[in-house]
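Participant: Below you will find the structure I want to go over with you.
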Amino acid sequence: RRLKRRCTKDWPSCSLCIRLGKVCDYSNPLSTRATEAAGLYPLFENPSCLFPSSFFMDAHLFAPLNTTNALTRVPTSRLKLITSDHLAIEERGALHEEYFTSMHQWLPIISEKRLLDARLALNDACHDLLLLCM
């Protein structure tokens, strides 16, 4: 409670400032904020970067991409074929275990729960690519 007390700005000094050995501050914080805000007005009047009018003229140009996965255009069977050439299905468990006991300790960027989720691993091209990168 003692820390929440503020200067009451009594003239010439309030009892809190006298007890703490401070000088009462009678400046108006609103006037200093107003002068700071006044310096920003020229920035709003003449912006240096104009918003492109093509945003309103061509909506398709600025539309977000519809794909949720960057690998959707790559045939999943092709990635699975490449993965099977370099990594047998029996070795995947050992690869997961080795990664999570070594590299994951220092750089935990992969969710172990999601990586080991068998439902995602069967149809996800990203999972196969991740295994190849490991």
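The values are calculated or read from the model by the stated rules, or taken from the named source; none is laboratory data. Here the structure is a predicted model, which means the values were calculated and not measured. Ideal geometry is used to build each Cβ from the backbone, glycine not excepted, and the neighbour counts take in all protein chains shown.
Participant: Can you tell me which of L87, L81 is assigned by TED's automatic domain parsing to the domain that holds L129, surrounded by 11 or more Cβ atoms within 10 Å (Cβ to Cβ), over 14 Å from M134 (Cβ atoms) and at pLDDT below 80?
Facilitator: Residue meeting the stated conditions: L81.
Participant: Next question. Let me confirm something: among L131, L120, L71, which residue is at negative phi, more than 22 Å from the chain's Cα centre (by Cα) and modelled with pLDDT of 70 or more?
Facilitator: On inspection, the qualifying residue turns out to be L131.
Participant: Quick one: E98 ticks every box in (1) exposed (fewer than 11 other Cβ atoms within 10 Å of the Cβ); (2) modelled with pLDDT of 75 or more except a single one, so which number is it?
Facilitator: Against the list (1) exposed (fewer than 11 other Cβ atoms within 10 Å of the Cβ); (2) modelled with pLDDT of 75 or more, E98 comes up short only on (1).
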